[in-house]
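Chemist: Have a look at this one before I ask anything.
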Amino acid sequence: MISLGARLVNAAVRLMTLRARRRHMSLSRSVKFKEKPYSPPRGYVYSVRKFNGTDVEVLEPPRASEDCIIVQFHGGGHTQPMNSLYRKVAERYAALSGCAVYSIDYHTGENLVFPSVHEECLGAYRGIAEDARGKKIIAAGDSMGVNHMLYACLRLRDEGQPLPVALVSASCYIDLAASGKSYDENCHSDPLYGLPIWQKKDKYGAFLRRKTPYAGSTDERNCLLSPAYADLKGLPPMLILCGAAETSASDSDMLYDGAVRGKVRARLIKYGGMFHDFFYFVPFIRESRAAWRETERFLAEILSPQCGA
């Protein structure tokens, strides 16, 4: 059963997003974060480095592991740059794992088209991996960032290059064709992207499946633009987390199903009543704490000396 805290948060989110949802606006394009100079937690070391021309923010916790790093592929479509939300997420990943977190700050802009951002993330990852040679690399992404992460893994796999030892997927957006049943099932229940209750699915449902301009002329079912349609054989173990109320919850189902078909070890956990990236946005509610505990357990398992990854 959904917690009281989650019910209150959902109601607040539903109210805050009402204007955008009523007008069928893109939240990733309309929401602007108020940024201020970043100050890392006490004892943490923060720096910005360049890997193959792309800025990467590096956050090192006290007594950082010398054996592993985490690479964060942040979400936000192709329009939201690295920001305070993702820096807080990097802090949490660093605290849970004891590993330095490398967050790829790829270029953003409404005029970008596939595969520009995907290729930039792949290039940055190649540089990070070369610099971290000999260390385990765990890749973590959310929303469109999972798309970028899987693109990098698929390209590296096909080239016979080393892959991350594990992947963490939060509220993935990997089916740009929006073919899943959750777009219908959650058309009103999603407080972030759903339709206002008075707008009927039959009339307005197409707005939930609108084509992103980033796809350009590429077929939305192209397996590199939409890894939901890719052969995932050979990819590393995955933890897949999402909110059950997301319009894009089916993307996580498709990722899990693809992993099973490819004989990839994967675990899918969906949190009832929760919305896109809920445990990134509101880490203090019961459902979010549970999602972060699952993440911590998965990271500990991967980093265990007994793990054969």
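The values are calculated or read from the model by the stated rules, or taken from the named source; none is laboratory data. On a predicted model such as this, the values are computed, not experimentally measured, just so you know. Here the Cβ is made from the backbone with ideal geometry for all residues, glycine too, and neighbour counts use every protein chain on show.
Chemist: May I ask you to list the residues in region 18-54 that are among the aromatic types (F, W, Y) and at pLDDT below 90? So that I can check it myself, show each step before the final result.
Modeler: Of region 18-54, the ones among the aromatic types (F, W, Y) are 33, 38, 44, 46, 51.
F33, the sole residue that qualifies.
Chemist: Going through I104, I70 one at a time, which residue ends up being crowded, with 18+ Cβ neighbours inside 10 Å, in contact with a helix residue (DSSP H, G or I) (Cβ under 7 Å, 6 or more places away or on another chain), within 23 Å of L225 (Cα to Cα) and at pLDDT 95 or above?
Modeler: I104
Chemist: Are any of the residues in region 87-95 assigned to a loop (DSSP other than H, G, I, E, B) and modelled with pLDDT of 95 or more? Walk me through how you get there before you give the answer.
Modeler: If we filter region 87-95 for residues that are assigned to a loop (DSSP other than H, G, I, E, B), which is where we start, we get none.
Within region 87-95, not a single residue is assigned to a loop (DSSP other than H, G, I, E, B) and modelled with pLDDT of 95 or more.
Chemist: Could you list all residues from region 108-155 that are touching a strand residue (DSSP E or B) at 6+ places or on another chain (Cβ under 8 Å), assigned to a loop (DSSP other than H, G, I, E, B) and under 24 Å from A230 (Cβ atoms)?
Modeler: Within region 108-155, S143 is the sole residue that qualifies.
Chemist: May I pose another question? Among the residues of region 151-158, is there at least one that is surrounded by fewer than 24 Cβ atoms within 10 Å (Cβ to Cβ), in contact with a His (Cβ under 7 Å, 6 or more places away or on another chain), at pLDDT 95 or above and closer than 21 Å to D55 by Cβ?
Modeler: Scanning region 151-158 turns up no residue that is surrounded by fewer than 24 Cβ atoms within 10 Å (Cβ to Cβ), in contact with a His (Cβ under 7 Å, 6 or more places away or on another chain), at pLDDT 95 or above and closer than 21 Å to D55 by Cβ.
Chemist: Which of the residues belonging to region 157-203 are under 14 Å from P227 (Cβ atoms), touching a residue at least 24 places away in the same chain (Cβ under 8 Å) and not in a loop (DSSP other than H, G, I, E, B)?
Modeler: R157, L167, S169
Chemist: Kindly list, by first and then second residue, each pair from a residue in region 233-254 that is touching a residue at least 40 places away in the same chain (Cβ under 8 Å) and surrounded by 24 or more Cβ atoms within 10 Å (Cβ to Cβ) to a residue that is polar (S, T, N, Q) and in a loop (DSSP other than H, G, I, E, B), limited to pairs with Cβ atoms under 6 Å and residues at least 6 apart or on different chains.
Modeler: C242/S171; A245/N186; A245/S189; T247/N186
Chemist: Here is a follow-up. For region 1-56, which residues satisfy the criterion of being over 18 Å from G243 (Cα atoms), part of a loop (DSSP other than H, G, I, E, B) and of a type in the set (G, A, S)?
Modeler: The answer is S26, S39, G43, G53.
Chemist: Now for a separate question. Here are some residues: W292, W198. Which one is of a type in the set (F, W, Y), over 30 Å from G109 (Cβ atoms), in contact with a helix residue (DSSP H, G or I) (Cβ under 7 Å, 6 or more places away or on another chain) and surrounded by fewer than 23 Cβ atoms within 10 Å (Cβ to Cβ)?
Modeler: W292
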